[in-house]
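Note sheet for the following structure.
The values are calculated or read from the model by the stated rules, or taken from the named source; none is laboratory data. Because the structure is a prediction, the values reported are computed rather than measured. Here the Cβ positions follow ideal geometry from the backbone for every residue, glycine too, while neighbour counts run over all protein chains shown. SASA here: full protein model, heavy atoms, side chains in, ligands and nucleic acids out. Shrake-Rupley method; radii C 1.70, N 1.55, O 1.52, S 1.80 Å.
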Amino acid sequence: MSDPSVQQQQARPAVPVLHEERLDEVLGAAPERGRGRYRPRRVGMVWRSKVFRAGAVIVALVLCGLVILALVREQTGPEGFLVGLGLAVLPVPLLMAAFRWLDRVEPGPWRNLLFSFAWGACAAALVAIIANSFATRWIATATADPASADTLGATVIAPVVEESAKAAAVLLIFLFRRREFSGVVDGVVVAGFTATGFAFTENILYLGNAFGEDQLSGSSGFASVTAGTFFVRIVMSPFAHPLFTVLTGLGFGFAAVSARRHRARRIALPLLGLLLAMGLHALWNGSSSFGPYGFYAVYGIVMVPAFGLVTWLAIWSRQRELRTLAAELPAYAAAGWLTPAEPSALSSMRARGMARDLARHWQPDRTRGRAAARAVAEYESFATSLAGLRRRARHGAVGPDFGARERELLHHLWQRREVAAPALTHAAHLTARRGGAHHGRPLPTPYGTGNGYANGYAYGTGYGPGPTPGNGQTHGPTPGYGHAQGHTPGYGPGAYPPPQPYGSAPHSHRRPPS
């Protein structure tokens, strides 16, 4: 992928969390791409197998999906089901794209998001249909008043049942995918995908039933029940269910960043978010009982401002993640794990996207270009996780496995640094210029050309800028990075003390052997 001159042995920085261990031994045991930490197999304990647990979850969700499919089809009929399915799917891509955009700084794995969507569309919807129907019938039998039973079921029973069923998906990921649930944005995204799936199934049911009523009455066009239901549920309030459940996700997100010693707070925040979700859901469902204009009053006075406030909070949390990168990563740059320009590049979405584009265009063919861009994207994601981990450690929100997790993330960064570090460094210089434009000049190629020239920047084994040829040496007045063989010291090991780990004893500053 690169020129042999770039692949020379580089000086490896000191591992911040080790004591007297050899760096070669540690990096030699680094996990391969896409693999997590090694865990020994437990013979005879089938339920501890990841494959078994994943298969059990998939089978359970598929069974729930088949049952909910049969129930919805029975209530709406074949034609109503098809019409409802075609109309209900329209807002789903937009909502998923919005939540995925919010998660761009540290993208969560798709398996968690797909699980959340499937849980909402299948498991939570099935629980809601069965529980709501049973509770409404029981109230109607006990009170002998079906009308009040429907109102009570919609305003009291449904919010409690539905929000609890959707919150179960957020709770499961919070408990069993704790590494991938690290803050407010993760809570919002997981809750949003869960609620999007739930609203998708519910909209099929409502729109299918509305189409059945139109067939019986002969209504059509804008005056039909189907058109009115579509306008209210798809056009005016596609964000209703996501907004309710996002309040629960915010509670779990704030709990994730709370100090571990504040156990009461970590329990109370998710419960508070769930109660707020139930309350807002009950107010929305009961708005029609406030008079002919009650629905519009609740929509304009409560729903729209609440949606704007939650949206602002989610975007603010996203920007906070970028500020965390700028604040925490310079410690690793000082220790030699990152180039000096990388923290500023990683804290800018514009520079991160430009780095992926540069890595793609620097490769000689499309296949290698896609692989290089993917390596840079993974590097950015691991660096974001590293900065978030260090910030949580600063606030006492990490467990005793902080050191192991930090070493694992550093391993992943080290495996991709040969491709990612030059692209991010150059992207930082480009975005620092006026407007970050290329001014019509061709994209530089710091690796893969063999000459080391890159638009005034020297890229050899050292990544630092310099006015003279790279080729692994930096003779200019600007320091290089890594194995700088020129006359200027680099930012390699020994130049700065490595960052101190949280909760561990001070380690030796002796430079490890290459």
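Step by step: first the residues of the stretch 274-308, then only those that are polar (S, T, N, Q) and in contact (Cβ under 8 Å) with a residue 12 or more places away in the chain, then the one that is most open to solvent (accessible area, probe 1.4 Å). Which residue is that?
Our first condition is that a residue be polar (S, T, N, Q); within the stretch 274-308, this holds for 285, 287-289.
Filter once more, so that each one left must be in contact (Cβ under 8 Å) with a residue 12 or more places away in the chain: 285, 287, 289.
Details: Asn285: 47, Ser287: 3, Ser289: 78 Å².
Per the criteria, the residue is Ser289.
Every residue, every condition in (1) modelled with pLDDT of 90 or more; (2) touching a helix residue (DSSP H, G or I) at 6+ places or on another chain (Cβ under 9 Å); (3) of a type in the set (D, E, K, R); (4) outside any loop (DSSP other than H, G, I, E, B), yes or no:
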{"residue": "Trp312", "(1), (2), (3), (4)": "yes, no, no, yes"}
{"residue": "Arg318", "(1), (2), (3), (4)": "no, yes, yes, yes"}
{"residue": "Glu321", "(1), (2), (3), (4)": "no, yes, yes, yes"}
{"residue": "Arg352", "(1), (2), (3), (4)": "yes, yes, yes, yes"}
{"residue": "Thr367", "(1), (2), (3), (4)": "no, no, no, yes"}
{"residue": "Ala375", "(1), (2), (3), (4)": "yes, yes, no, yes"}
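Determine whether His395 is open to solvent by 20 Å² or more (accessible area, probe 1.4 Å), under 20 Å from Glu328 (Cα atoms) and either of a type in the set (Val, Ile, Thr) or in contact (Cβ under 8 Å) with a residue 40 or more places away in the chain (or both). Outline the logic, then answer.
On the way: open to solvent by 20 Å² or more (accessible area, probe 1.4 Å): yes; under 20 Å from Glu328 (Cα atoms): yes; either of a type in the set (Val, Ile, Thr) or in contact (Cβ under 8 Å) with a residue 40 or more places away in the chain (or both): yes.
Taking the combined requirement at face value, the residue satisfies it.
Can Gly399 be described as within 19 Å of the chain's Cα centre (by Cα) and farther than 18 Å from Pro340 by Cα?
Numbers: within 19 Å of the chain's Cα centre (by Cα): no; farther than 18 Å from Pro340 by Cα: yes.
Here the answer is no, as Gly399 does not meet what is asked.
Here's a check for you: in the stretch 205-260, which residue that is among the polar types (S, T, N, Q), in a helix (DSSP H, G or I) and without any contact (Cβ under 8 Å) to a residue 40 or more places away in the chain is surrounded by the fewest Cβ atoms within 10 Å (Cβ to Cβ)?
Let us first name the residues in the stretch 205-260 that are among the polar types (S, T, N, Q), namely 209, 215, 217, 219-220, 224, 226, 229, 237, 245, 248, 258.
Next, only the ones that are in a helix (DSSP H, G or I) stay: 209, 215, 217, 226, 229, 245, 248.
This time we only want the ones that are without any contact (Cβ under 8 Å) to a residue 40 or more places away in the chain, so: 217, 229.
On the way: Ser217: 10, Thr229: 21.
Going through the qualifying residues, I end up with Ser217.
Anything in the stretch 207-262 that is aromatic (Phe, Trp, Tyr) and under 30 Å from Gly80 (Cβ atoms)? List them, or say none.
First pass over the stretch 207-262, keeping only residues aromatic (Phe, Trp, Tyr): 211, 222, 230-231, 239, 244, 252, 254.
Once the filter is applied, which keeps residues that are aromatic (Phe, Trp, Tyr) and under 30 Å from Gly80 (Cβ atoms), the stretch 207-262 yields Phe211, Phe222, Phe230, Phe231, Phe239, Phe244.
Is it true that Leu126 is touching a residue at least 24 places away in the same chain (Cβ under 8 Å), crowded, with 18+ Cβ neighbours inside 10 Å and assigned to a helix (DSSP H, G or I)? Lay out the reasoning, then the answer.
Numbers: touching a residue at least 24 places away in the same chain (Cβ under 8 Å): yes; crowded, with 18+ Cβ neighbours inside 10 Å: yes; assigned to a helix (DSSP H, G or I): yes.
It is true that Leu126 is touching a residue at least 24 places away in the same chain (Cβ under 8 Å), crowded, with 18+ Cβ neighbours inside 10 Å and assigned to a helix (DSSP H, G or I).
Of the conditions (1) closer than 25 Å to Leu409 by Cβ; (2) open to solvent by 50 Å² or more (accessible area, probe 1.4 Å), Ser317 satisfies every one except a single condition; which number is it?
Of the numbered conditions (1) closer than 25 Å to Leu409 by Cβ; (2) open to solvent by 50 Å² or more (accessible area, probe 1.4 Å), the odd one out for Ser317 is (2).
Take Phe115 and tell me if it is at pLDDT 90 or above, open to solvent by 10 Å² or more (accessible area, probe 1.4 Å) and either within 15 Å of Ala191 (Cα to Cα) or not small (Gly, Ala, Ser) (or both).
Numbers: at pLDDT 90 or above: yes; open to solvent by 10 Å² or more (accessible area, probe 1.4 Å): yes; either within 15 Å of Ala191 (Cα to Cα) or not small (Gly, Ala, Ser) (or both): yes.
Here the answer is yes, as Phe115 does meet what is asked.
Within the stretch 69-97, which residues are within 24 Å of Val246 (Cα to Cα) and β-branched (Val, Ile, Thr)?
Within the stretch 69-97, Val89, Val92 qualify.
Tally up the residues in the stretch 140-176 that are over 19 Å from Leu269 (Cα atoms) and open to solvent by 20 Å² or more (accessible area, probe 1.4 Å), please.
The qualifying residues number 17.
State the number of residues belonging to the stretch 97-110 that are farther than 19 Å from Gly253 by Cβ and touching a residue at least 60 places away in the same chain (Cβ under 8 Å).
Filtering the stretch 97-110 for residues farther than 19 Å from Gly253 by Cβ gives 97, 110.
If we keep only those that are touching a residue at least 60 places away in the same chain (Cβ under 8 Å) too, we end up with none.
Of the residues in the stretch 97-110, 0 are farther than 19 Å from Gly253 by Cβ and touching a residue at least 60 places away in the same chain (Cβ under 8 Å).
Here is a list: Thr339, Thr311, Thr367. Which entry is open to solvent by 70 Å² or more (accessible area, probe 1.4 Å) and hydroxyl-bearing (Ser, Thr, Tyr)? Don't jump to the end; show me each part of the working.
On the way: Thr339 fails: open to solvent by 70 Å² or more (accessible area, probe 1.4 Å); Thr311 fails: open to solvent by 70 Å² or more (accessible area, probe 1.4 Å).
One residue alone meets the criteria, Thr367.
Among the residues of the stretch 323-332, what is the count of those that are open to solvent by less than 10 Å² (accessible area, probe 1.4 Å), closer than 18 Å to Ala355 by Cα and in a helix (DSSP H, G or I)?
Residues of the stretch 323-332 open to solvent by less than 10 Å² (accessible area, probe 1.4 Å): 325, 329, 332.
Still in the list and also closer than 18 Å to Ala355 by Cα: 325, 329.
In the following step, the residues that additionally are in a helix (DSSP H, G or I) were identified as 325.
Result for the stretch 323-332: 1.
Could you tell me whether the stretch 72-86 includes any residue that is touching a residue at least 40 places away in the same chain (Cβ under 8 Å), of a type outside the set (D, E, K, R) and within 24 Å of Val57 (Cβ to Cβ)?
yes
With (1) buried (at least 21 other Cβ atoms within 10 Å of the Cβ); (2) in contact with a Phe, Trp or Tyr (Cβ under 7 Å, 6 or more places away or on another chain); (3) not basic (Lys, Arg) as the list, and Val92 as the residue in question, which single condition is left unmet?
Val92 satisfies every listed condition except (1).
Among the residues of the stretch 374-392, count how many are under 16 Å from Pro422 (Cα atoms) and surrounded by 21 or more Cβ atoms within 10 Å (Cβ to Cβ). Walk me through it before giving the result.
If we filter the stretch 374-392 for residues that are under 16 Å from Pro422 (Cα atoms), which is where we start, we get 374-380, 383.
If we keep only those that are surrounded by 21 or more Cβ atoms within 10 Å (Cβ to Cβ) too, we end up with 375-376, 379-380, 383.
Here the count works out to 5.
Let me spell it out: the conditions are (1) open to solvent by less than 70 Å² (accessible area, probe 1.4 Å); (2) more than 25 Å from Thr229 (Cβ to Cβ), and Gly84 meets all of them except one. Which number is the exception?
For Gly84, the exception is condition (2).
Quick check on the stretch 398-431: of everything there that is among the small types (Gly, Ala, Ser) and open to solvent by 10 Å² or more (accessible area, probe 1.4 Å), which residue is modelled with the highest pLDDT? Quick ask: steps written out before the conclusion?
First, pick out the residues of the stretch 398-431 that are among the small types (Gly, Ala, Ser): 399, 403-404, 420-421, 423, 427-428.
Retained after the next criterion (residues that are open to solvent by 10 Å² or more (accessible area, probe 1.4 Å)): 399, 403-404, 428.
Numbers: Gly399: 77, Gly403: 83, Ala404: 85, Ala428: 89.
So, considering only residues that are among the small types (Gly, Ala, Ser) and open to solvent by 10 Å² or more (accessible area, probe 1.4 Å), the one modelled with the highest pLDDT is Ala428.
Condition (residue is open to solvent by 60 Å² or more (accessible area, probe 1.4 Å), out of contact with any helix residue (DSSP H, G or I) (no Cβ under 9 Å at 6 or more places or on another chain), among the basic types (Lys, Arg) and farther than 21 Å from Thr311 by Cβ) applied to the stretch 265-273: is it met by at least one residue?
Our first condition is that a residue be open to solvent by 60 Å² or more (accessible area, probe 1.4 Å); within the stretch 265-273, this holds for 265, 267, 271-272.
After this cut, where a residue has to be out of contact with any helix residue (DSSP H, G or I) (no Cβ under 9 Å at 6 or more places or on another chain) as well, the list is none.
No; the residues of the stretch 265-273 include none that is open to solvent by 60 Å² or more (accessible area, probe 1.4 Å), out of contact with any helix residue (DSSP H, G or I) (no Cβ under 9 Å at 6 or more places or on another chain), among the basic types (Lys, Arg) and farther than 21 Å from Thr311 by Cβ.
Just to be sure I understand, how many residues within the stretch 66-115 are among the acidic types (Asp, Glu) and within 29 Å of Phe211 (Cβ to Cβ)?
Within the stretch 66-115, the first condition is being among the acidic types (Asp, Glu), and the residues that meet it are 74, 79, 103, 106.
Within this subset, residues satisfying the condition of being within 29 Å of Phe211 (Cβ to Cβ) are 74, 79.
Selection size over the stretch 66-115: 2.
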